[in-house]
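Following: one structure in structure tokens, then a few remarks.
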Amino acid sequence: MTTVSSAEHSRRDFLYIATGAVGAVGAAAALVPLIAQMNPDASTIAAGAPVEIDLAPIADGQIVKVFWRSKPIFIFHRTKKEIEEAQKVDVASLPDPEPDSERVKQGHDQWLVVIGICTHLGCIPLAHQGEYDGWFCPCHGSQYDTAGRIRKGPAPKNLFLPPYAFLSDTKIRIG
Amino acid sequence: MSGPSTYQPTNRAMQWFEKRLPIGGLIHSSFVAYPTPRNLNYWWTFGGILSFMLGVQIITGIVLAMHYTPHVDVAFKSVEMIMRDVNYGWLLRYLHANGAAMFFLAVYIHMFRGVYYGSYKEPREVLWILGVIIYLLMMATGFMGYVLVWGQMSFWAATVITNLFSAIPGVGDTIVTWLWGGYAVGNPTLNRFYSLHYLLPFVIAGVVVLHVWALHVAGQNNPTGIDPKSDKDIVPFTPYATMKDAFGMSCFLILFAWFVFYIPNYLGHADNYIPANPAVTPPEIVPEWYYLPFYAILRSIPNKLLGVCALFGSIGILAFLPWLDTSRVKSGRYRPLFRQFFWLFVVACVGLGWLGTKQPEGIYVILARILTFYYFAFFLIVLPLLGIFEKTKPLPNSISESVLDAKA
């Protein structure tokens, strides 16, 4: 058998390219389940359903740690002094500028609810430590204030806020 | 190095077999008759030591896997049961844990040797890049193995390292969730790390085969950096190189055994004997010693994304070394200026390792920044310029001449 190479596109060229394209699409489709299986499975997602937290037992100035989706959530019952500290800061001077009013729910100034994971590399900051009365991360020295905002250290962002809502004055639902 | 094998089995059965699968000839030409430069020093024995260490890790690892349970509830306990209940479990685990450290020690010596003698230069670029790939795979394997213990350091190392990917703009968090298989490091993470920790050593073994293949195509470099020119420059691999390798390996094993039997926990961290607790971060997180220089580079840069880029860049830059070094003289022996910068580079790497153990405050941050700068400057400024400005010493005419002159 002899092969004739022609400069023009032939029917055979088309068949080669079409076959190759279908093969490539098939291989890519086969990758989908292989990659998707690594994402959170149904039971993990189900276990990540919203949780309700009773705030009544949390004393003035106390910080409690609860878990939602395996993440620690800090619930900080702020004192008057701590609220004032958070409010009087010059917002423009912050590394990640956010006024205190955006950190809490309106009318619930005394309750700060944040995800207790340092935005640098994921360590859990220690409560009531550091220069700003908020948190201090022992891993790389990031410091957060009483509104959970980054003030000093390598973390790029303020502590993230979880999705939550007040069901009553003493009860919140996280998630 | 080339030409057909001279291997001629005398046994009739072997002859029959050789005709059908010439594996005896392959082994003979690769490890017996293989011509090696006559001037190889002991720094050249680390290739053999590394192959041996890979074998040790695979064998002890397979045995440990027979007793280990990759589940967050019992992983830590199963490791303690290996230590207390399994026959010789303590020995196997200490061999595996310290073996990883020895593996890295040997690979660092092997890499520094390659840099000093210009072993990455033409025609050994691919050989070098395969080595960089092996090193990357080793880092991934070592990291995932450390996580399997599921102590406090394991858990938080896994958290910090996987969070490096969260620095990627836009898709970072999606990637991290995908890596975890959950909303934090947890059981799915431990399971997949176990699976990959079992797989990767065999991938390493595969790349090692390519590495040795590339080595046997280009031939070994040697302390003069010039190619063998005649039979006077070479000796057969067996017995010369095999014996030298065996002696070097024996000395290395003494060090290994000293760690295993006398100070098995010296290189570890006490906090890793506390079971993983997702609610409490240990007061001080330190990676294993062999990652410390890179950890120091990460921390020396105040911006998260740039820090992560510097961390990966410091490893990735190694792959470009063959083209960054512009000098045509291979061996540091004939490059007086390069030698000084090289030893400064070694000091910088060790210094960064030391700084990796320190809290990132005050003078330590400044020192880490200076050394990080030098680390990159060595590759991006020093090596390209030295090739142009350095006045090298005259090269000998041949390997045998350099050896015999030294004797005379």
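The values are calculated or read from the model by the stated rules, or taken from the named source; none is laboratory data. Predicted, not measured: the structure shown is a model, and the values here were computed from it. Positions of Cβ are generated from backbone atoms using ideal geometry, with glycine treated the same way; all protein chains shown enter the neighbour counts.
Would you mention how many residues in the range B:270-286 are within 14 Å of chain A (Cβ to nearest Cβ) and not acidic (Asp, Glu)?
10
Filter the helices (runs of 4 or more DSSP H) completely within the range B:291-364 down to those with at least 3 residues that are within 14 Å of chain A (Cβ to nearest Cβ), surrounded by fewer than 20 Cβ atoms within 10 Å (Cβ to Cβ) and out of contact with any Phe, Trp or Tyr (no Cβ under 6 Å at 6 or more places or on another chain).
Where helices (runs of 4 or more DSSP H) fall fully within the range B:291-364 and carry at least 3 residues being within 14 Å of chain A (Cβ to nearest Cβ), surrounded by fewer than 20 Cβ atoms within 10 Å (Cβ to Cβ) and out of contact with any Phe, Trp or Tyr (no Cβ under 6 Å at 6 or more places or on another chain), they are B:304-316.
Quick one: B:TYR262 ticks every box in (1) more than 14 Å from chain A (Cβ to nearest Cβ); (2) surrounded by 15 or more Cβ atoms within 10 Å (Cβ to Cβ); (3) not polar (S, T, N, Q) except a single one, so which number is it?
The number of the failed condition is (2).
Residue-wise test of (1) under 22 Å from the mean Cα position of the chain (by Cα); (2) within 14 Å of chain B (Cβ to nearest Cβ).
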| site | (1), (2) |
| --- | --- |
| A:GLY20 | no, no |
| A:VAL25 | no, no |
| A:ALA29 | no, no |
| A:VAL32 | no, yes |
| A:ASP60 | no, no |
| A:VAL64 | yes, yes |
| A:HIS77 | yes, no |
| A:ARG103 | yes, no |
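Limited to the range B:277-290, what total is found for residues that are at pLDDT 85 or above and either among the hydroxyl-bearing types (Ser, Thr, Tyr) or surrounded by 20 or more Cβ atoms within 10 Å (Cβ to Cβ) (or both)?
The total comes to 5.
Being surrounded by 17 or more Cβ atoms within 10 Å (Cβ to Cβ) and either part of a loop (DSSP other than H, G, I, E, B) or touching a residue at least 12 places away in the same chain (Cβ under 8 Å) (or both) narrows it down to one of B:HIS71, B:HIS28, so name that one.
One residue alone meets the criteria, B:HIS28.
The conditions are (1) of a type in the set (S, T, N, Q); (2) touching a residue at least 24 places away in the same chain (Cβ under 8 Å); (3) assigned to a helix (DSSP H, G or I), and B:GLN15 fails exactly one of them. Which is it?
Evaluating B:GLN15 over (1) of a type in the set (S, T, N, Q); (2) touching a residue at least 24 places away in the same chain (Cβ under 8 Å); (3) assigned to a helix (DSSP H, G or I) leaves (2) as the failure.
If you take the residues in the range B:178-197 that are hydrophobic (A, V, I, L, M, F, W, C) and touching a residue at least 12 places away in the same chain (Cβ under 8 Å), which one is surrounded by the fewest Cβ atoms within 10 Å (Cβ to Cβ)?
B:LEU196
Report whether or not B:ALA97 is surrounded by 18 or more Cβ atoms within 10 Å (Cβ to Cβ), of a type in the set (Gly, Ala, Ser) and part of a helix (DSSP H, G or I).
Yes, satisfied.
Condition test on B:ALA205, is it part of a helix (DSSP H, G or I), among the small types (Gly, Ala, Ser) and closer than 26 Å to B:ALA65 by Cα?
Judged against the criteria, B:ALA205 is a match.
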